[in-house]
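First comes the structure, then the notes that go with it.
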Amino acid sequence: MFGTIESFCTRFKFNADMKLSCTGCERLLRLLKLREVSYRPSSTMVKPREVRVRFAPSPTGQIHLGGLRTALYNYVFAKSQGGKFLLRIEDTDQSRLVIGALQNIENVLQWAGLTPDEGPSQGGAFGPYIQSERLSIYKEHADYLLKKEAAYHCFCSQQRLNLLRKEAMRKKETPKYDNRCRHLTPQQVQDKLEQGHKFVIRFKLEDSSVTFTDLVYGLLQQQPALVEGDPVIIKADGFPVYHFANVVDDHCMQISHVLRGLEWLTSVGKHIQLYKAFDWTIPQFAHLPLLMNKDGTKLSKRQNDISVDYLQKAGHVPKIILNLITFCGSGFEDNRKIRTLSQMIQEFELDRVSQHSAVLDMDMLNYISQQEIRTKCENPEGMSKLANEVHWLVKDKYPDSVSENPHIVEDHYLQNIIKVRKFHINRLSELVSDSYRYLWVSPNVRLQDLQSFSQHPEKVLDFLYQKLQGIDDDCWNEDQLKTELKSLKKLKNDDFPPFPQIMKIMRLSLTGLKEGPAIVEILEMLMKSEVLKRIEKMLDTSISR
Ligand code: GLU
């Protein structure tokens, strides 16, 4: 193995922020585990303190499935404990802000049903919930640490810091600040401040190691001073760094449990030293395992197909997305069960969150959606929910057609379509896509368009009209329609083309398409009155010519 944490960090380019690449994270964990005691805390040991958790995203882009997973697990954990779920926006790195990202975060949470109890829009007793609106709070706390001599002003130039870094690289050592300004006298500091020198505020890291218990990864030990110099807590622009604002806010907002991605596990030692410097209660930590793509790469904000916005626009409903997350993750006795959000709350167990990376299998999306549709079709209540969803999709996509033909959004019409197509669709939104447009909008086909199939299409249509009209409403079902169509194979009439051509005439007249579902299914879905109406309309085009 790598021997010490220090040599590990040099080898895996552990940056001064202690934020690791994902492979780095996993390797560091293995290293830390050398010191792990074989003990895993049970959630029954959670202190009897009101459970308050937070989802603390940085508004640096569209929220993706990784972010949604953190939000979901925080939410279900809070609700399973009768606690509160907060949204806090961590926007202290102003250079990475993306316009609209905050709105996107709030919209996604709302859409997914993970509405915060406290947050920028909800308000709450511990606001503001946007870090850039809390600068005076961080300043106050930094001043406290300065006064206590647990923090100090650092005037080192960027140039000097770059030199230190280069020198460390040359010596193959971990680049870290050498804490030079720790040793400035109060007078020297005063003089520099008076002369208007630019400064940052750094926190004095203790040399000792920190032992803590992560509710997922067990007992761990870290010695932050081995891997970094005294960290900056307030930057030259007056903004706090993530680590400082995060600790101050978690304390001020009375956060009891910190549930977040594994990439932050290596920062806990530093955070704990900050809590200790303030003499604050330390929250419980639970780091969620890495979420990986199927090919083993880390999820990235640039991967559009995993942005919640993209999946939303592709027609996936919240339940499917939330289940995709739990299917690929852990935290439940059975990770392959489709649940509602309230079932997730009832069945979630922090103890069951595993330490292994979770593989995000996007192929599961179709599987979960199909299962969901099929299961709902099995009972009247589920069926009516599906019909209701399609109702809104149709109204949204084809409003004019709904005003002209209100029957297309009636329950029996919609339920019938869902019943016929349930084995062919992955999600309900497919039913309003262009290939199913004919279900909602009567096609514009003229008799002359049928002439390539028959010289007398009107005679064929007229015959079909009579035949279909003769079927009783009650017998308008798959079996009966199949029998009727089969009988056309035996038809002997010189004016009529062969059977396959008759089918093509029927398909084009009813759907305006040359390909699509079987004719029987089309007849079943459109139902008798609409089928006859469309044939009549076709025949009318010959009269108007
Ligand atoms: N702002 C951090 C992020 O977006 C949150 C880390 C935390 O939850 O402490 O990853």
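The values are calculated or read from the model by the stated rules, or taken from the named source; none is laboratory data. Here the structure is a predicted model, which means the values were calculated and not measured. Cβ placement follows ideal geometry from the backbone for every residue including glycine, while neighbour counts extend to all protein chains displayed. Ligands, DNA and RNA are excluded from the accessible area calculation, which covers all protein heavy atoms including side chains. Shrake-Rupley method; radii C 1.70, N 1.55, O 1.52, S 1.80 Å.
Values computed for the structure shown
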read-out	value
Packing-based ranking, highest mean first, of 155-161, 421-427 given that Cβ atoms within 10 Å are counted	421-427, 155-161
Cα lying deepest toward the dipole's positive end in the chain, options Ala112, Ile320, Phe203, charges on Cβ	Phe203
Förster radius 35 Å - calculated FRET efficiency between Asp93 and Arg49 (Cβ-Cβ, nearest 0.05)	0.70
The chain - charge dipole about Cα centre, Lys and Arg +1 at Cβ, Asp and Glu -1, debye rounded to 20	1800 debye
Accessible surface of Thr483 - all protein chains present, 1.4 Å probe, nearest 10 Å²	90 Å²
Over the chain, relative contact order from alpha-carbon pairs under 8 Å, at least 6 apart, %	13 percent
Protection proxy ranking of 202-208, 494-500 - average other beta-carbon atoms within 10 Å, highest first	202-208, 494-500
Over 31 Å (Cα to Cα) - which of Lys147/Lys198; Lys192/Lys270; Lys313/Lys482; Lys294/Lys337 fall in this group	Lys313/Lys482
Tensor-based shape of the stretch 300-373 (alpha-carbon gyration tensor, a/c under 1.5 rounded, otherwise prolate or oblate)	oblate
For the stretch 336-465: rounded, prolate or oblate by the Cα gyration tensor [a/c cutoff 1.5]	prolate
About the Cα centre, charge dipole magnitude for the stretch 111-267 (Lys/Arg +1, Asp/Glu -1 at Cβ), debye	820 debye
Heavy-atom accessible area ranking, 1.4 Å probe, most first, across Arg437, Arg52	Arg437, Arg52
Extension gain, Asn477 back to Ser209 (0.36 nm per residue minus Cα-Cα distance, nm)	89.0 nm
Given charges at Cβ of Lys, Arg, Asp, Glu: the chain dipole, positive-most of Gln469, Gln355, Leu87	Gln355
For the chain: accessible area per residue (Å², 1.4 Å)	48 Å²
Met292 long-range amide H proximity, modeled H, under 5 Å	Ala358, Val359, Leu360
Difference of contour (0.36 nm per residue) and Cα-Cα distance, Asp117 to Lys337	76.5 nm
Stretch gain in nm, segment Asp494-Leu226, where the contour uses 0.36 nm per residue and the Cα spacing is subtracted	87.1 nm
The chain: C-alpha gyration tensor shape, a/c 1.5 cut-off, then a/b vs b/c	prolate
Ranked order, Trp392, Trp440 - accessible area, probe 1.4 Å, largest first	Trp392, Trp440
Given charges at beta-carbon only (K, R positive; D, E negative), |dipole| of the stretch 275-315 in Debye	120 debye
